[in-house]
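The values are calculated or read from the model by the stated rules, or taken from the named source; none is laboratory data. Because the structure is a prediction, the values reported are computed rather than measured. FYI the Cβ positions are ideal-geometry reconstructions off the backbone, even for glycines, and counts take in every protein chain you see.
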Amino acid sequence: MLPTRLRKNEKIRKLIRETRLSMDDVVYPVFVIEGENIKEEIPSMKGQYRYSIDRLDEAVEGFKVAGIEYIILFGIPDESKKDGEATPAFADDGIVQQAIRKIKALAPDMYIIGDVCLCEYKADGHCCFFEENGDIKRDKSLDTLCKVAVSQAKAGVDMIAPSDMMDGHIAALRNALDTAGFESIPIMGYSAKFASTFYGPFRDAADSAPAFGDRRAYQMDPANGKEALKEVELDIEEGADIVMVKPAMPYLDVLSQAKDLSFLPMAAYQVSGEYAMIRTAVDEGLLDERAIFESLICIKRAGAEIIITYFAPILKKLLAKYQD
Ligand code: PBG
C-alpha cells in the first residue's frame, strides 16, 4: 500500500478530503457594552471589538459582508449596575436583551445565541451564588440563571447557551423555558467547560474576572477526561439539544470521545486565549496565516459540527485562499 498515491496532486487530494469548512459551521462571539458611540478594540484580543447598542448597525453590516450568520452574545453592563444579585443579567432592558432586540430589528435572519451566565453581571465576578461557608448556593444560582434565559427568550433570542457549569442547569433551564412558553428554543450546554487559563483575554474583554478565588469549584479540572464525559452525559440526560467542549484545541481528545456518547450535534469553543495565541503568532510572522484555517479544520475533524470562533470575520477569505 502506497498512501502517497492519493496525495499526488490537488485533484486527487480533493476527492478524498474528509472534512470541509464552511461559514455554516461557525458562530461568532460578539461583545456588547453599555454606553454610547463605542466601538473599542479589546487590548488582549486584537481585531475584536466591544460595541455599544447604537453602533451595532455598523457591526451587523460587517457580519453580513463577512458571511456571518450565527452569533453568540456577551454583555458588559455598566460597572455601577453590577450587584450581588446579578440584576443586569435578567433585566428587561439589560444590555444583552437590548442587543437581541436591536440585532433582530437590523437583521431578522441573524441567528442569535445568548450566553447565559452571571459572572459578567455580578459584583463578585462569579458564575453562581455562595453560602457563607463557601458552598455553591445551587437553588438560587439555578433560579437566577432561569430568569436570565427567560428574559433573553422574551427579547427574541434563538438559542441559549448556559456557561455557568451549575449541576442540574440544563434540566432547570429546559423547565423554565417550557413553562414560559419557549419550548422551541434549543439549549446548547457548555457541557465540558474546563477551568482554563485560556479564558484570560475574555475576562479582560468582558470585565468578568472573579474578585476572589477562581472558578475551580465549578469549572472542570483540565486533567480530567472521564469526568468531562460524565458532564456531557448529564447534559444529554437533562435534555440538552447540543453539547459543547471548551476550550477546543487542548481538549480535542475530549471532543472526539464526547461525540460518541450520543447523536446530538457537538460544538467546540475556540476560546479567547487560543485566538490570541494564534493571532499573535501569525501577526509576528512566527506562523503562516494558514494556521488559522488548520486550527479550525482540525476542530471539525475531531468531531465538532459547530465551532465558536473569533476568527469568523476572516473565515470567508481564508476559505477562498486555502480550501479548494
Ligand atoms: C462566562 C464565559 C466565559 C467564556 C465564555 N463564557 C469566561 C469564563 O468562564 O471565565 C470564555 C470565552 C473565551 O475565553 O473566549 N462564564
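When residues in region 75-101 are screened for being in a helix (DSSP H, G or I) and either within 16 Å of the ligand (Cβ to nearest atom) or within 30 Å of R279 (Cβ to Cβ) (or both), 9 of them pass.
Take A248 and decide whether it is within 12 Å of the ligand (Cβ to nearest atom), modelled with pLDDT of 95 or more and surrounded by fewer than 20 Cβ atoms within 10 Å (Cβ to Cβ).
On the way: within 12 Å of the ligand (Cβ to nearest atom): yes; modelled with pLDDT of 95 or more: yes; surrounded by fewer than 20 Cβ atoms within 10 Å (Cβ to Cβ): no.
In short, no.
Residue check: is A291 surrounded by fewer than 19 Cβ atoms within 10 Å (Cβ to Cβ) and of a type in the set (G, A, S)? Considered against the rule, which asks whether it is surrounded by fewer than 19 Cβ atoms within 10 Å (Cβ to Cβ) and of a type in the set (G, A, S), A291 comes out as yes.
Listed by first and then second residue, the pairs linking a residue in region 269-296 that is without any contact (Cβ under 8 Å) to a residue 60 or more places away in the chain to a residue that is part of a strand (DSSP E or B), with Cβ atoms under 7 Å apart and 6 or more places separating them unless they lie on different chains, are Q270/I307; Q270/I308; Q270/T309; S295/Q270.
Yes/no per residue for (1) of a type in the set (A, V, I, L, M); (2) more than 16 Å from the ligand (Cβ to nearest atom):
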| position | (1), (2) |
| --- | --- |
| V27 | yes, no |
| S52 | no, yes |
| E61 | no, yes |
| I68 | yes, yes |
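Among the residues of region 117-141, those identified as more than 21 Å from the chain's Cα centre (by Cα) and in a loop (DSSP other than H, G, I, E, B) are A123, D124, E131, E132, N133, G134, D135.
Within region 210-233, if we keep just the residues that are in contact (Cβ under 8 Å) with a residue 40 or more places away in the chain and within 17 Å of S262 (Cβ to Cβ), the residue that is nearest to the ligand (Cβ to nearest atom) turns out to be E231.
Among residues of region 147-184 being surrounded by 21 or more Cβ atoms within 10 Å (Cβ to Cβ) and of a type in the set (D, E, K, R), the one that is nearest to the ligand (Cβ to nearest atom) is D164.
For beta carbons closer than 7 Å, sequence separation of 6+ or different chains, a first residue in region 117-135 that is under 15 Å from G213 (Cα atoms) and a second that is within 9 Å of the ligand (Cβ to nearest atom) and basic (K, R), the qualifying pairs are C127/R215. For region 142-186, the set of residues classified as assigned to a helix (DSSP H, G or I) and within 15 Å of Q97 (Cα to Cα) consists of L145, C146, K147, V148, A149, V150, S151, Q152, A153, K154, A155, listed by residue number.
Mind listing just one residue for me: the one in region 126-146 that is of a type in the set (A, V, I, L, M, F, W, C) and over 21 Å from E237 (Cα atoms) and, of those, nearest to the ligand (Cβ to nearest atom)?
In the first step, residues of region 126-146 are kept if they are of a type in the set (A, V, I, L, M, F, W, C); the result is 127-130, 136, 142, 145-146.
Applying the additional criterion that residues be over 21 Å from E237 (Cα atoms) yields 127-130, 136.
On the way: C127: 5, C128: 10, F129: 14, F130: 16, I136: 14 Å.
Filtering first and then ranking leaves C127.
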